[in-house]
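Report on the following structure.
A short reminder: the numbers here are calculations on the coordinates, not readings from a lab. Worth saying up front: this structure is predicted, and the values here are computed from it rather than measured. Counting neighbours? That spans all protein chains shown, and the Cβs are built from the backbone with ideal geometry, glycine included.
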Amino acid sequence: MVVLVEPAGPRNVGSVARLCANFQVHELRLVAPRCDHRGEDARQMAVHGAAMLERARLFPTLAAALADCRRVVASSGRRSGEPLPLQPPAQALAWLLEPSSAPDPAPLALVFGREDRGLSNAELLQAGRLLCIDTGASYGSLNLAQAAAIVLHQWQLLRQSPSFQPQQPQPPGASGPQEPAAPEPGARGPLEAMLRDAENLLLEVGFLYPHTAAARMAKLRALLQRAQPGSEEVALLRGMVRQLRWASRQGAPGPGPGRTP
């Protein structure tokens, strides 16, 4: 699916809806749109993609829009200052297309930022990979719909290329050394909940201070994004945070609710 964060131009939204139809993207999500995404301007650009505008789902925040996703790639037009390494589209999209080991398939998300200022660092840190389109050094800024067209075209080429071979886990009993498969990234919703719990705990015990909490939590988030923890690992981290909060409030270590001594 494609996610647009606070799009301001209805013609851009309509153009992206048309691109979704062109490249077989089945869902469009809009985060706090600043325009009428079903208005006449959007419909004129969408043409036969107008059904995408009708079905588009609206969300108040990017975190809410990505809560059910496991793999997220975000587009960045900056050349420096990103919280995660930039990758060319083919490399980032290849990661997005890796086969899932999760029993429940989750949506794959491509995120594009605002026309005027893109995505904030906090929003970029909700993606597992950041892609950057290589442009001329003299003028690197792309229109939102142009950027989406380039990325979705690369997405289509990669999916259809006979030379594209996503890494498959070795079946049990296969000959030769086997490397342990990396866990499928956990859903964004539980990870965000764990990070909120961790921030509250760290503020409570004095490790964080309100005026520096955002910057320090960004470093923790970047660390976790590089690791891409799986669902069981996120659950383990959240359980640790909750137990530490319980112990800190009790004033002494010991088994908390739901923990076996």
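Residue order for Glu232, Glu204, Glu82, fewest other beta carbons within 10 angstrom first, comes to Glu232, Glu204, Glu82. Counting every other Cβ atom within 10 Å of each residue's Cβ, His48, His211, His153, His37 order from fewest to most as His211, His48, His153, His37. Here the stretch 2-160 is treated as a sphere whose radius is the Kirkwood value from Cα pairs; by Stokes-Einstein at 37 °C and 0.692 mPa s it diffuses with a coefficient of 209 µm²/s. Its alpha carbons considered, the stretch 188-250 gives a radius of gyration followed by a Dmax of 11.7, 34 Å. For the stretch 21-114, the orientation-averaged shadow of the C-alpha convex hull comes to 7.6 nm² (one quarter of the hull surface). The alpha carbon centroids of the stretch 11-57 and the stretch 120-145 are separated by 21 Å. Taking amide H positions as modeled 1.01 Å from N, with prolines and chain starts lacking one, the residues under 5 Å from Gly230 and 5 or more places away or on another chain are Gly186. Counted by Cβ distance under 9 Å from Asp197, the other residues give a net charge of +3, where Lys and Arg count +1 and Asp and Glu count -1.
Charge tally for Gly49 (other residues, Cβ to Cβ under 11 Å; Lys, Arg +1; Asp, Glu -1): +2.
Computed over the chain, the per-residue total of -39500 (n - 2.57) for DSSP H runs of n ≥ 4 gives a 222 nm mean residue ellipticity of -13000 deg cm²/dmol, rounded to 500.
Of all DSSP beta bridges confined to the chain, the antiparallel ones make up roughly 10%. Look at the dipole of the chain built from charges on Cβ: of Ala56, Ala137, Leu224, the Cα furthest out on the positive end belongs to Leu224. With all pairs of separate Cα atoms included, the stretch 1-52 yields a Kirkwood hydrodynamic radius of 10.4 Å.
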